[in-house]
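> My questions will all concern the structure given below.
The values are calculated or read from the model by the stated rules, or taken from the named source; none is laboratory data. Everything quoted here is computed from the prediction, not taken from an experiment. Quick reminder, even Gly has a Cβ in these numbers, built from the backbone with ideal geometry, and neighbours come from all protein chains shown.
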Amino acid sequence: MVSLSPHLHRPSPSVSFKTRIISFNPSKQTTFAGFLLIHDTSQIFKPAGVLLLIDAVYSKPLSTMQVELVRVDDAFHFQASGSSEAKVSIDAAEAIGGKNAGVRPMELLLMGLGGCSAIDVILILKKQRLQIEDVKVSVSGERVKIEGTEMSPFRKINVHFDIKGNVSEEKAERAIKLSMEKYCSATAQFAQSAEITHSVSIEGLSPQEIQADSLAE
């Protein structure tokens, strides 16, 4: 079975949704004021508007994250590193002089989103003491070029989970929704500019696999 579910994204003018009123004056510190049900969203995103409506309440910064990119060759190959010693290779396409020695920067964004949500889902299912044999994640992104620029950001993203284990579709779906709507910071990063959906496929365990896992514990 495969299910599909939409997540937070910039609304279209015809959609009704519940949002939080955060600030009546962008120059002042944001404060939570309450909820408002909006029916005509075309009035929300005004260039000169002073009413700021967003779908999350932001608190003080928890920490500052930093990464470093070191150039490897005389073209576009970089090695990136963060808080661990692991290295990630980044490179450009051969069409512009790259050597395919690493992932593309935009691919890395999708990898980050998939990895962030996958970690959440596994943690949630493990807390329920459910047997998980394997998890595979496929992330696809549809890009749209912005007129007058060379920018092509993602406008639609789908995160597909293939889960093998003694897990019901209902529990897997709930775990994914919790990740997408409550825990995954990468989803929040994309949600204001892209429509994010997810889908899931479940492969159950055979009685022999369930018994083997139980004995292993």
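> If residue 130 satisfies all but one of (1) at pLDDT 95 or above; (2) hydrophobic (A, V, I, L, M, F, W, C); (3) in contact with a Lys or Arg (Cβ under 8 Å, 6 or more places away or on another chain), what's the number of the condition it fails?
(1)
> Scan the strands (runs of 3 or more DSSP E) fully inside the stretch 48-121 and keep the ones with 3 or more residues being modelled with pLDDT under 95.
52-54
> Ok, one more. Can you say whether residue 89 is out of contact with any Phe, Trp or Tyr (no Cβ under 8 Å at 6 or more places or on another chain), of a type in the set (Ser, Thr, Tyr) and surrounded by 10 or more Cβ atoms within 10 Å (Cβ to Cβ), as far as the supplied structure shows?
no
> On the basis of being buried (at least 17 other Cβ atoms within 10 Å of the Cβ) and modelled with pLDDT of 95 or more, does residue 196 make the cut?
Considered against the rule, which asks whether it is buried (at least 17 other Cβ atoms within 10 Å of the Cβ) and modelled with pLDDT of 95 or more, residue 196 comes out as yes.
> Could you grab me the full set of residues in the stretch 99-123 that are touching an Asp or Glu at 6+ places or on another chain (Cβ under 9 Å) and surrounded by 19 or more Cβ atoms within 10 Å (Cβ to Cβ)?
Across the stretch 99-123, the qualifying residue is only 102.
> Among the residues of the stretch 135-169, how many are closer than 17 Å to residue 202 by Cα and charged (D, E, K, R)?
Total satisfying the criteria: 4.
> Looking at 140, 168, which is the one that is under 26 Å from residue 76 (Cα atoms) and touching a Leu at 6+ places or on another chain (Cβ under 9 Å)?
None of the others qualify; the one that does is 140.
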